[in-house]
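Encoded as structure tokens, the structure appears first; notes follow it.
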Amino acid sequence: MARTSRKRGNDAGEPNTPAMEAGLYVRLSNEDNGGKSVDGIDNQLAFLLEFVNQLENVKTVETYMDNGQTGTDFERPGWARMMGDAKKGRINCIIVKDLSRFARNYLEAGDYLEKIFPFLGIRFIAVSDRFDSAGEIFPPKALITEFKNLANDYYSKDISKKIMSAFRVKKEQGLFIGAKAPYGYILDKNHYVIDEFAADIVKRIFKMKLEETSAYKIAGILNREGIPSPSRYAGEQGVKKYKDCSHILWRQEAVSRILYNRAYIGDLVMGKYDRSIYSKEKQGKKEETAWEIIENAHPAIIAREDFQEVQKIREKNRKVWKDRQGGPGYGNVLKGILVCGICHHEMWRNKDVRNGKTQYYFFCGYAYGHSQAKCNTSSMIDYKIFDLVLKQIKLQIELAVETDSVLERMKKSDSQVAVYRMKKKETEQARDELQRYTYLKTSIYEDLKQGILTKNEYLAAKERYTRKSSELETEWNSKQAELDNFAQCMSGANRWLKAFLKFKDAKELTRDMAVNLLEKVEIYENKRIHIRFRFRNEYECLTSMLQNSSKVMGRKNSKEHALRYQTLRILLADPVRGER
């Protein structure tokens, strides 16, 4: 942009300092929740508002609150909402009362202060700790901040130890420390109290099992009679976690959990999992011999003799089932990949042995346990699915082999050097143009300071250059990606190509093949199958590169070159979708 002197009085003055768009963050941890200390939610907010009112050029955009949320991690709804606004540019400053309200995890707090906030252009202020990342309101003091974060981290670990110690004492007293009692009981001051309605259902379930009715049939009977499932019943009783479970039906797993739960004979079972309160991480399920069991800790619903008889029936059924299954059979190569196309839950696989003949079949288990499920309850024999999937994979492999052959011919052609140079030149031109507009956008600020531009002219030019720079950056990125993809394809590094060529000699569907080539296999009504292959983006990039290159080759060489790529273009124009 040409510079011309147009000084116009006050328009040539320095621009006003841009206002801080601030978000105020307050948090109250689990152990403080409900208290009326100086760190209470209302007191924190009043403290921050008073602080902001003393500053100039600060606009409070939003207040973000996490009430009853621990500071040992950042999985908090208020924090997530605030970070979302920060990423959108709605706020550019975060203000908290002190660092402990921000976080009590030393490592994660350091990541935010040193990496995430600077990257997002966020200014961070902790008032009581006199910390300002910009070093304007309070002087810089990075070292003391690290010690504060370390102290908060240690405090949380210490709190975790104290809580675990308190839990241990409660366990020794026979008190339940979980959040929800098993179906048939309600919690009253850490004790199980019998829920008469649900307890009657539990008794009926045990009675039917003693008559050797299967868990699957018991679930069906309860569903036909309209008896609420445990999840649905908990929601009806006001448990928030289960408020949206009105569609959940009885399933055989729910029945089995009741039949094998020692809580119904009066035993309190705790400590099934190792878990850290500080990190909230489950560290695995303990062996049953390591569980903490207190016998006769609460009123029993089922007689101990009846419970033990049900366990004998369970072991007998297991032995019958195991004998019926015969040998180990073969594995499910599509485990975790084959899903219902309607509900997208993983398909279940059952083994059926009749008259000495083994047969596997897939079905949607979700359809049997949810009243609102729209899935098909019919089953499909597994080898039919395996054969269809293998057929489609072989078609993709044939396409990969043909593509590889075309690439080899292209590598031997001098024209490919010309194509690469052309793409590289276009990329460099886009980069140079972007750099030119980036320079123009920065230089106009000097024009504003020198009075060459008025403030309105500066803002208009800045908006224009910013918009053009964004367009050029998109164009440059696109051309750079196209250039990189061309070089990658010519070097044989395309992931789609390498993945499918690896299995070109395969005779049967294997687990290794399924995991490497398939993203999902979906089954719909009428046993229609849709296959989603992996590396779709790489496939499309390779398609585009070959089509563009064949056009260049057709212009620069004889008609023979153009015809050489015609077959491949036809193949690429109609990719295999795998629908049946």
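Table: residues versus (1) closer than 30 Å to I221 by Cβ; (2) surrounded by fewer than 17 Cβ atoms within 10 Å (Cβ to Cβ); (3) at pLDDT 85 or above.
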residue	(1), (2), (3)
I337	no, no, yes
C340	yes, no, yes
R349	yes, no, no
G365	yes, no, no
G369	yes, no, no
task: Sort out for me the helices (runs of 4 or more DSSP H) sitting completely within region 191-273 that have 1 or more residues that are of a type in the set (S, T, Y) and closer than 24 Å to E309 by Cα.
output: 215-224, 252-259
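Yes or no, residue by residue, for (1) within 24 Å of the chain's Cα centre (by Cα); (2) in contact (Cβ under 8 Å) with a residue 40 or more places away in the chain; (3) surrounded by 13 or more Cβ atoms within 10 Å (Cβ to Cβ); (4) in a loop (DSSP other than H, G, I, E, B):
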{"position": "E50", "(1), (2), (3), (4)": "no, no, no, no"}
{"position": "E62", "(1), (2), (3), (4)": "no, no, yes, no"}
{"position": "T70", "(1), (2), (3), (4)": "yes, yes, yes, yes"}
{"position": "F74", "(1), (2), (3), (4)": "yes, no, yes, yes"}
{"position": "G78", "(1), (2), (3), (4)": "yes, yes, yes, no"}
{"position": "R81", "(1), (2), (3), (4)": "yes, no, yes, no"}
{"position": "D85", "(1), (2), (3), (4)": "yes, yes, yes, no"}
- prompt: Do we have A109 as of a type in the set (G, A, S) and at pLDDT below 85 here?
  reply: yes
task: Name every residue in region 67-95 that is touching a Lys or Arg at 6+ places or on another chain (Cβ under 8 Å) and closer than 15 Å to M20 by Cα, in order of residue number.
output: N92, C93, I94
query: Taking helices (runs of 4 or more DSSP H) that fall entirely within region 438-533, which contain at least 1 residues that are of a type in the set (G, A, S), closer than 30 Å to Y330 by Cα and at pLDDT 85 or above?
result: 495-501, 511-517
- prompt: Hey, D274 hits all of (1) modelled with pLDDT of 70 or more; (2) within 29 Å of the chain's Cα centre (by Cα); (3) open to solvent by 40 Å² or more (accessible area, probe 1.4 Å) but one; which does it fall short on?
  reply: (1)
- request: Considering each residue of region 340-360, count those that are within 33 Å of the chain's Cα centre (by Cα) and of a type in the set (V, I, T), and give that number.
  value: 1
query: Does G121 count as modelled with pLDDT of 85 or more, at positive phi and of a type outside the set (V, I, T)?
result: yes
task: Give me the pairs, please: first residue somewhere in region 226-247 and open to solvent by 50 Å² or more (accessible area, probe 1.4 Å), second residue anywhere and part of a helix (DSSP H, G or I) and modelled with pLDDT under 80, beta-carbon distance under 8 Å, and either six or more positions apart or on two chains.
output: R232/Y242
message: Among the residues of region 223-235, are any modelled with pLDDT under 85, small (G, A, S) and farther than 21 Å from N261 by Cα?
response: yes
Filter result (out of contact with any helix residue (DSSP H, G or I) (no Cβ under 8 Å at 6 or more places or on another chain) and either in a helix (DSSP H, G or I) or open to solvent by less than 20 Å² (accessible area, probe 1.4 Å) (or both)) within region 414-437: V417, R421, K425, E428, Q429, D432, Q435, R436
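The values are calculated or read from the model by the stated rules, or taken from the named source; none is laboratory data. Since we're looking at a predicted model, the values are computed, not measured. Don't worry about glycine lacking a Cβ; one is built from the backbone with ideal geometry, like all the others, and counts go over all protein chains shown. SASA here: full protein model, heavy atoms, side chains in, ligands and nucleic acids out. Shrake-Rupley method; radii C 1.70, N 1.55, O 1.52, S 1.80 Å.
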